[in-house]
Amino acid sequence: MPVQRLNHAVLYVRDVERSTAFYRDVLGFRVKVEIPGRAVFLQAEGSTNDHDLGLFAVGTGAGPSQAGRATVGLYHLAWEVDTLAELARVRDALVAAGALVGASDHATTKALYAQDPDGLEFEVSWLLPADLIGDDVRAQAMAIRPLDLDAEIARYGAQTRGGLGVSVPV
């Protein structure tokens with residue numbers, strides 16, 4: 001059987017408490033297991049995984065990640081939300097935390113880009129429902145345009161579930 005999906009990610013962070021607070025307060029993750037001062041395992045709010053994110057402390061003296069600048073490494077992780085309303089809520093939380101670094105419309109995905117307290121980049125996105133992906137959208141699929149989230153909500157509806165075979169409001 002082929003690989004189905006990403007089950008969890010593990011990040012090295014300077015301060016595990018600071019990073020835990022960020023992922024909990026901004027993205028709604030909840031602590032499942034904690035090894036005080038050393039590691040924490042978090043679960044996304046709508047997840048049934050044992051954990052979706054592991055954070056391991058390496059200490060405050062650790063330098064910034066050089067992945068993509070001076071070394072090979074992971075560029076970013078992407079988490080999916082069900083509705084554009086949830087994407088808007090996440091956008092507002094990221095702005096309040098000073099973490100939002102970009103927002104892009106890739107035709108089939110509407111994406112927010114942010115950085116955690118250690119500068120590690122991640123994406124939160126909404127996927128256009130499969131039944132709304134016509135040839136016109138496919139032709140633009142990898143284009144990168146600025147995201148006008150309010151216009152996308154007006155176009156598709158705030159409560160339309162993304163990524164499914166059929167577009168239905170929740």
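Values quoted throughout were computed directly from the atomic coordinates according to the rules given, and no laboratory measurement underlies them. Everything numeric here is computed off the predicted structure, so don't read it as measured data. Quick reminder, even Gly has a Cβ in these numbers, built from the backbone with ideal geometry, and neighbours come from all protein chains shown.
Here is how the numbers come out for the structure above:
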| item | result |
| --- | --- |
| Cα shape, the range 41-86, gyration tensor, a/c 1.5 rule | oblate |
| Cα-centred dipole magnitude for the chain, charges only on beta-carbon of K, R (+1) and D, E (-1), debye, nearest 20 | 300 debye |
| At 1.567 mPa s and 4 °C, Stokes diffusion of the chain via Kirkwood alpha-carbon radius, µm² per second | 75 µm²/s |
| Most to least packed among 55-65, 113-123 [average Cβ atoms within 10 Å] | 113-123, 55-65 |
| Mean separation of Cα contacts under 8 Å, 6 or more apart, over the residue count of the chain: relative contact order % | 19 percent |
| Cα-based shape type of the range 75-161, given that a ≥ b ≥ c are square roots of the gyration tensor eigenvalues and the cut on a/c is 1.5 | prolate |
